[in-house]
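**Q** Pasting a structure here, questions to come.
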Amino acid sequence: MSPEIVSAIVIAVLAILLCIGIISFLIFLCFKIVHHHKRLNDLEEQLDKLKTQLQVSAVTKQDEYTILDESKLRHKEPIHDSAIELRGASGNSSDNAQPTSGHSSLSSFKGPRYTIKIRKETAKYVRKEITNVYGNVLPDSQVVAIAQRYYKEKTNSSDLVGIDDMDITNQKEEKEIINTRQSVIFEGRPTSMMMDLDELPDSNRLNEQGVFVHKMIGKSGGDLQLLGIKLEIPDGALKNNTQITLGITWDISAYPELTKSQALLSPVVVCQPSIDFEKPVRLSFPHCAVNHELHWKLTVLCNKSNLHGNDSAWNEIEQNGVHKMEITEHHVVLFLKHFTLYTLAGESVEGKTAAKAVKLLAFTSRFQMDQMFTVRIYCINNYIDESSPEMMNIIKATKDMKEADAPQPLFIHDNGEDVVVELSKLSNGWENDGLISKTIDFESIWHCLAPNCKYLFHPTEMSSTKIVCDFTYYQPSDKELQPKKRTLKIADEYKDQSSLALKRNLTKDRKQMKSLILKLDPKSDMDYTMLAEKIGYQPEEIRWLEEQKGLKSPTEIILQKWIDDGHQLIDLEHYFSDMEREDCVSVLCVKGAQHKQ
């Protein structure tokens, strides 16, 4: 071969090898790009999951609860990943929420405003439950009351959790709100402890009102319960960990528009987020229809729009959205494939007069000497489990009033007649300022709008210390000439809770105690703390006494306990002598001299 041909062949081979190398490099480069792109996508997915977990950990991170110096602890039960939220009842209330991608804005919240830690000790173990209060919470004691009920449902316990078993922390200011027995008034209901209503930055203003519980549920399933409503998610219904919200709204603007003949027979139930399930989930909620099979034509309604969206169209539930539906004597049971809003409406069967169960609930103003006394009587749905969401709404709306007497039952019939309330008895020293007989609108009761009537009483005698008033109530009926009347009783009296040191016109014994209070309460080296130490109080008991200052006189607590234990004040004489408090000895000696005479 000639050198030219050989050179050409060599060049051709080299060119081919170069092309193969370039192609191989490009293939390798494309493979690397695809691999890196896939890794970036995986990292983005992990980042999204991490963001979701971080938002959840904002709740669960603060849910750590440690018991220190607990020598008698035998068993610690796991702390549940759960939260409870109460939204405002006033029309202009606002709440704080931060929407999460792919979820309703009900599903995600900035960190809790307050944390209520419940620690209930029994003979065998210490049970704990942590409740987080989100959003712009109104200063109302029912937040704590709902937390108590939620604790009982969560732990299947019948024990009443007192305020002394709770620690309430202001998460924004990282301040613990100290609670004592002095905070418990009005038949054991705790006083308001939800303070500081400043909004969180960058918060969304939502118009919904109600009560909601939230829980992170994974592939293995779980359940949520709230005021007689139960949501059960089976194993395998969810692909990923999801924060589930179960709630009740009492925002009237979210209620279905009903005809005059239609009645709202259940709470308006909120289930979020709007996702599809791999398996049907079970939702049950109460209704108040009486003889539902014979007298009622019932309809389960759903609203597929967001709770705070503009679209508020309610429609009869579609069979393709429900795996199974059942209406029992007291409950509606749905097996759902998708989440939305649900409620039960109904109207009388033709030729029948349907009835629904309601209850009358009375609230009064705080009793004050020589002041007007107000009574409001509400009419709301009455569910068999006594967990009335409408009652929670009224309690929040009447935060400056207190509940009087137990709720009284009544059946409301579909005859268009208003409920009549009559004042039948009023104690001496008071006068009714208005009509004796008043009515509560039938249509408002039928549509579950919590209507009420109001009575106002003013004192006719100076220093009236108590009031008793009886009301009769009934719904007129064409079939009954004399309808059955029921009675609602209200009684209240003035209780002087001021310190003994500020009271006048005392007996001689109480005057002596008052003198000791005025001498020992002021801070000094020989004050009430030294007296407590002398008579055997432990250091932690003395610290508790010091915390009472501003709430009640520590000296008064010590002296009253001394008397309740069967001692006399004169028996303290040698303790005061040891303390070198001759001024206190002289107070006792005056009393002792009177006894000798």
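**Q** In region 332-366, which residue that is in contact (Cβ under 8 Å) with a residue 24 or more places away in the chain and of a type in the set (D, E, K, R) is surrounded by the most Cβ atoms within 10 Å (Cβ to Cβ)?
**A** Checking each candidate, the answer is K356.
**Q** Could I ask something else about it? So which residues in region 288-315 are modelled with pLDDT of 90 or more and within 17 Å of F335 (Cα to Cα)?
**A** Scanning region 288-315 gives T299, V300, L301.
**Q** Kindly check whether there is at least one residue in region 516-531 that is charged (D, E, K, R), surrounded by 14 or more Cβ atoms within 10 Å (Cβ to Cβ), out of contact with any strand residue (DSSP E or B) (no Cβ under 6 Å at 6 or more places or on another chain) and at pLDDT below 85.
**A** no
**Q** Go over the candidates R189, R205 one by one and state the one that is among the basic types (K, R) and either under 30 Å from T343 (Cα atoms) or at pLDDT 50 or above (or both).
**A** The conditions single out R205.
**Q** A further question on this structure: Look at Q538 and say whether it is free of Cβ contacts under 8 Å to residues at least 40 places away in the same chain and within 49 Å of the chain's Cα centre (by Cα).
**A** So Q538 passes the test.
**Q** Say whether the condition of being hydroxyl-bearing (S, T, Y), surrounded by fewer than 11 Cβ atoms within 10 Å (Cβ to Cβ), at pLDDT below 85 and over 30 Å from D414 (Cβ atoms) is met by at least one residue in region 478-494.
**A** No, that holds for no residue.
**Q** Here's a follow-up. I'd like the residue in region 433-442 that is part of a strand (DSSP E or B) and either of a type outside the set (S, T, Y) or touching a residue at least 60 places away in the same chain (Cβ under 8 Å) (or both) and, out of all such residues, is nearest to A289 (Cα to Cα).
**A** I440
**Q** Next up: Under the condition of being within 30 Å of Q243 (Cα to Cα) and polar (S, T, N, Q), which residue from region 18-53 is farthest from the chain's Cα centre (by Cα)?
**A** So the residue we want is N41.
**Q** Considering only residues that are closer than 17 Å to Y474 by Cα, among the hydrophobic types (A, V, I, L, M, F, W, C) and under 30 Å from the mean Cα position of the chain (by Cα), look in region 420-463 and name the one that is surrounded by the most Cβ atoms within 10 Å (Cβ to Cβ).
**A** Looking at the filtered set, the residue picked out is I445.
The values are calculated or read from the model by the stated rules, or taken from the named source; none is laboratory data. Model, not experiment: these values are computed from the prediction. Note: ideal-geometry Cβ built from the backbone for every residue, glycine included; neighbour counts use all protein chains shown.
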